[in-house]
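Report on the structure given below.
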Amino acid sequence: MWSSRMRLMLGVGAIALILLLSSASADDVVVLTENTFENEVGKDRGALVEFYAPWCGHCKKLAPEYEQLGASFKKTNSVLIGKVDCDEHKSVCSKYGVSGYPTIKWFPKGSLEPRKYEGARTAEALAAFVNMEAGTNVKIVSVPSSVVILSQDNFDEIVLDETKDVLVEFYAPWCGHCKALAPIYEKVAAAFKLEEEVVIANVDADKYKDLAEKYGVSGYPTLKFFPTRNKAGEDYDGGRDLGDFVAFINEKCGTYRDGKGQLTSKAGVIASLDDLVKEFVSADDNEKRTVFSRLEEEVKKLKGSAARHGSLYLKLAKNSMEKGADYAKNEIQRLERMLEKSISPAKADEFTLKKNILSIFG
């Protein structure tokens, strides 16, 4: 039998090709400013630069394609994929004759004399252009979307699962606001993809009109949150920037993620254990075992993710008793070195949780 998690992922399909890929982030496109532009462009590599405005609809439509391009060329040392916010850095855009948005220009290696890109605004077309200009042979990366795709067949199974907190976007394929939201929503899904009890999903309400009618959807996009405690659904009325969604999910679901999907410094920390940990740290060797026993009793009272994190508290406390007073400090330093390396997201979570809890013992 397939697990429910596997069934969720089977819902991810063709829409992935038009949404921002989970592996692509804004970090894959170099953000250029008045202060950094000439330090990055016109040097020892060619540069493709998008001049854009945050309010521009065409720019928003281009965003997932351009970020996919950035992700594809990220490891290519001879090419820079960059962008400039012309609302914020007007002097740069004026200098290079930008009068409409988005404007895309190619700066050859060692030159600040660009030529305008006039081709199609797809990741594939942009990549073909850059490959021709730079002599590279980079192919566009293709990774499945992290958004769970809902239909009439799987909606109840996924959304009404009382073990899951589910955010659902009701959208229509022809809706401009939905298209603008798509890359942001994909980033939200990517940020929480390791949270087994959180699901970021969407449903084509134009195709599944009965679902839209059932939940009172009359405009697009409409976002509804279905927490474990209320499967009737609640309207999401917050902002539609990545930070707004991340803050909402963290508050409602008790998670601690940032916009990149990394755990924050509060992840894994259990406030109810603070006083006992302080007592444990300050106790002498004989008293530590007594405090440890009390810590064990408190951990037994915890449930869900808190129980899992409580077990880690006990493991680290035991290591501290066995390895001495410097254990926490030395282990934190080791974990920080590991986190600086290229590791899987799951390993980064593991090390961050451990580091956060160790900081209480430090």
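The values are calculated or read from the model by the stated rules, or taken from the named source; none is laboratory data. Values in this document were obtained by computation on a predicted structure and should not be read as measured data. Using ideal geometry, Cβ is built from the backbone for each residue, glycine included, and neighbour counts are taken over all protein chains shown. We work out accessible area using only protein heavy atoms, side chains counted, and drop any ligands, DNA or RNA first. Shrake-Rupley method; radii C 1.70, N 1.55, O 1.52, S 1.80 Å.
Laid out as a table, the results:
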item: Test result for Val246, touching a Phe, Trp or Tyr at 6+ places or on another chain (Cβ under 7 Å) and either at negative phi or touching a residue at least 24 places away in the same chain (Cβ under 8 Å) (or both); result: no
item: Subset tally (residues that are within 24 Å of the chain's Cα centre (by Cα) and either open to solvent by 30 Å² or more (accessible area, probe 1.4 Å) or over 18 Å from Phe51 (Cα atoms) (or both)) for the range 122-146; result: 10
item: Residue that is surrounded by the fewest Cβ atoms within 10 Å (Cβ to Cβ) [pool: residues in the range 76-94 that are of a type in the set (Gly, Ala, Ser) and over 16 Å from Lys139 (Cα atoms)]; result: Ser91
item: Residue among Ser72, Ser145, Ser99 that alone is at pLDDT below 95 and closer than 24 Å to Pro227 by Cα; result: Ser145
item: Inter-residue pairs, beta-carbon under 8 Å, first touching a residue at least 40 places away in the same chain (Cβ under 8 Å) and in the range 34-45, second of a type in the set (S, T, N, Q) and open to solvent by 100 Å² or more (accessible area, probe 1.4 Å), 6+ apart; result: Arg45/Asn77
item: Test: residue in the range 175-190 that is open to solvent by less than 20 Å² (accessible area, probe 1.4 Å) and among the acidic types (Asp, Glu); result: yes
item: Residue in the range 192-211 that is among the charged types (D, E, K, R), in contact with a Ser or Thr (Cβ under 8 Å, 6 or more places away or on another chain) and crowded, with 24+ Cβ neighbours inside 10 Å present; result: no
item: Qualifying positions in the range 159-174 - of a type outside the set (Asp, Glu) and open to solvent by 10 Å² or more (accessible area, probe 1.4 Å); result: Leu160, Thr163, Lys164, Tyr171, Pro173, Trp174
item: Which listed residue, of Lys301, Lys341, Lys329, is touching a residue at least 12 places away in the same chain (Cβ under 8 Å) and of a type in the set (Lys, Arg); result: Lys329
item: Hits in the range 264-287 (condition: among the hydroxyl-bearing types (Ser, Thr, Tyr) and free of Cβ contacts under 8 Å to residues at least 24 places away in the same chain); result: Thr264, Ser282
item: For Cys56: the one exception among (1) more than 18 Å from Ile140 (Cβ to Cβ); (2) touching a strand residue (DSSP E or B) at 6+ places or on another chain (Cβ under 8 Å); (3) open to solvent by less than 50 Å² (accessible area, probe 1.4 Å); result: (2)
item: In the range 240-264, the residues that are open to solvent by 30 Å² or more (accessible area, probe 1.4 Å), over 26 Å from Phe361 (Cβ atoms) and either assigned to a loop (DSSP other than H, G, I, E, B) or out of contact with any Pro (no Cβ under 8 Å at 6 or more places or on another chain) (or both); result: Arg240, Asp241, Leu242, Gly243, Asp244, Ala247, Phe248, Glu251, Gly259, Lys260
item: Single match in Lys105, Lys187, Lys116 (criterion: among the basic types (Lys, Arg) and in contact (Cβ under 8 Å) with a residue 60 or more places away in the chain); result: Lys187
item: Tally of residues being open to solvent by less than 10 Å² (accessible area, probe 1.4 Å) and in contact with a Pro (Cβ under 9 Å, 6 or more places away or on another chain) across the range 65-75; result: 1
item: Residues located in the range 232-255, provided they are out of contact with any Gly (no Cβ under 9 Å at 6 or more places or on another chain) and among the hydrophobic types (A, V, I, L, M, F, W, C); result: Ala232, Ile249, Cys253
item: Selection from the range 285-313 of residues that are within 22 Å of Ala325 (Cβ to Cβ) and in contact with a helix residue (DSSP H, G or I) (Cβ under 9 Å, 6 or more places away or on another chain); result: Asp285, Glu287, Lys288, Arg289, Val291, Phe292, Arg294, Leu295, Glu296, Leu312, Tyr313
